[in-house]
Amino acid sequence: MGTTLIRVSTYAVDTIRQSNSYYPQKIDVILCSSSGNTGHYTQKFVDSMQGDGRNVVVHRFHRKEEFNPVLGGDTLVLAFPVSGWKPPWPLTEYLFRNLPRGKGKPAFILYTAAGGPENAGFIAWTLLALKGYRVVGRLWSVYPLNVPTFRLGPKSLWRFIDSLTPFKKDIDLLTTAAKEFSRGERTGLPLVLWPTPLMLIGFLFDNRWINRFLYRTYVWRKRCVGCNFCVNYCPINRFSTESGIPKARGTCSLCFGCVNHCPKNAMQMRFWSEYGQPYKSRWSKFIVK
Ligand SMILES: Cc1cc2nc3c(=O)[nH]c(=O)nc-3n(C[C@H](O)[C@H](O)[C@H](O)COP(=O)(O)O)c2cc1C
């Protein structure tokens, strides 16, 4: 009953909002991506808008503390990977605490997921609406799973599975949506959003208190060559070096970047990475170096 009411009211709000026209000229994009998938998806969207003559500025979200973009555009695009049925925790915090007020600015939501996108769009929509943005659409696509825990089996199997996504139809849909969006037309998936209990599980299993215990990062000393990739990459600066070996402290933000991108596969997360394969992205140029 509760979810049906929310569903009907978001649909009603969406319908009323769509009747107000918008015509984006200068578009700010906030892009969060830990292994490059969302970077690739967003680049396609940006290319398509630029092809239509729009002025697009991409603001890369990596470290919340260092993220202070000047959002001078007349429209906002928010792009992120789904993390535990919601946007990644640091980005959620930024949207809630630091995102400047939208004052009615139109916004579009883009997200990538390994298959379970539930609630992420709803949470992003709610946060943007709370900040005074007028969300005019959303779109998401299936991309390879970047959680080593579930990537069991031979590497070749995962290379094959990874090669299946993103589906061509999703990318075609995206480029069309970008053109329609930049012309101020109604586009993307409707904002009929249905929060499910999975949202609660997402918050229960990925938050700053639980993460401290559940996701312990450690270095496989024999493999570590002290390149310091993890030290420089970690979006929340958890690593310091002791005798040349990185040591993690504090709460993990669960991007899995240090585990997936370590050149020697030396970084591990207890119970979460020992058995599965790290995800080697096909779009490594979008990984923050
Ligand atoms: C901690 C974590 C939690 C995730 N949770 C979900 C999830 O709830 N549903 C889903 O479909 N994918 C989930 N994924 C997979 C990512 O959303 C997916 O691989 C995404 O394309 C990664 O994008 P990126 O490369 O831009 O970081 C999760 C990934 C991580 C690291």
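Does region 181-189 contain at least one residue that is under 30 Å from I236 (Cα atoms) and either buried (at least 21 other Cβ atoms within 10 Å of the Cβ) or of a type in the set (D, E, K, R) (or both)? Looking through region 181-189, none of the residues is under 30 Å from I236 (Cα atoms) and either buried (at least 21 other Cβ atoms within 10 Å of the Cβ) or of a type in the set (D, E, K, R) (or both).
F108 - would you say it is over 13 Å from the mean Cα position of the chain (by Cα) and under 18 Å from Q43 (Cβ atoms)? Outline the logic, then answer.
Numbers: over 13 Å from the mean Cα position of the chain (by Cα): yes; under 18 Å from Q43 (Cβ atoms): yes.
When the stated conditions are applied, F108 passes them.
I'd like to know if region 43-56 contains one or more residues that are surrounded by fewer than 17 Cβ atoms within 10 Å (Cβ to Cβ) and under 16 Å from the mean Cα position of the chain (by Cα). Looking for residues that are surrounded by fewer than 17 Cβ atoms within 10 Å (Cβ to Cβ) and under 16 Å from the mean Cα position of the chain (by Cα), one finds none in region 43-56, hence no.
Screening V136 on (1) among the β-branched types (V, I, T); (2) within 16 Å of the ligand (Cβ to nearest atom); (3) buried (at least 18 other Cβ atoms within 10 Å of the Cβ); (4) over 22 Å from F286 (Cβ atoms) shows it passes everything except condition (2).
Quick note: the coordinates plus some simple rules give every number you see, no bench work behind them. Here the structure is a predicted model, which means the values were calculated and not measured. As a convention, Cβ positions derive from the backbone with ideal geometry for all residues, glycine included, and neighbour counts pool all protein chains shown.
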